[in-house]
């Protein structure tokens, strides 16, 4: 677990998030995590609990992207996907509220942990009896499949593996935005 914690700390420091002092982490976060697990009959992976305890709801000071394990239709030409922000507990974008909104739309045992551009979500399998326990998936909101995994793409085998794939987004040169010139004749 210490290696997982080091991965998370180092990557978040590199991308502009500070730990242990975030105002998005309630003082009673450990109690909130325990209550959330008990009420939803699940178990959050330890590396994700560490994240909630030390970072909570957050986004990066710089634009960050990740490279998923499994190619998704949402990656850019370099194979990266953007992330908007992470949910927390006891915060504005609270896991309780988010899970309530999506509980009938995502597979049972999966918890939305982050928002992606365009309405997709990142979810973590929190069912300790599942063969996918602890894995991170992208949930495609455009292709809902009644709680099955047909609209889920593997992003990482663990939360710390997911975080280790993060990079600062490289901005395209303004002269080469990748868009062809268009001329309209009206």
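Every number in this text was worked out from the coordinates using simple rules, so none of it is lab data. This one's a predicted model, so the numbers in the text were calculated from it and none came from an experiment. Glycine also receives a Cβ, built like all others from the backbone with ideal geometry; neighbour counts cover every protein chain displayed.
Quick look at the numbers
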| quantity | calculated |
| --- | --- |
| Stretch gain in nm, segment residue 13-residue 168, where the contour uses 0.36 nm per residue and the Cα spacing is subtracted | 54.6 nm |
| Exposure proxy order (Cβ contacts within 10 Å, fewest to most) of 57, 82 | 82, 57 |
| Residue order, fewest to most beta carbons within 10 Å, for 38, 105, 32 | 38, 105, 32 |
| Förster radius 22 Å - calculated FRET efficiency between residue 131 and residue 103 (Cβ-Cβ, nearest 0.05) | 0.50 |
| Segment 73-102 versus segment 149-166: alpha-carbon centroid distance in Å | 12 Å |
| Shape call, segment 32-106: gyration tensor on alpha carbons, a/c limit 1.5 | prolate |
| Förster-model FRET efficiency, 35 Å R0, residue 35 and residue 78, C-beta, rounded to 0.05 | 0.30 |
| Three-way shape call for segment 74-113 based on the alpha-carbon gyration tensor, with the a/c threshold at 1.5 | oblate |
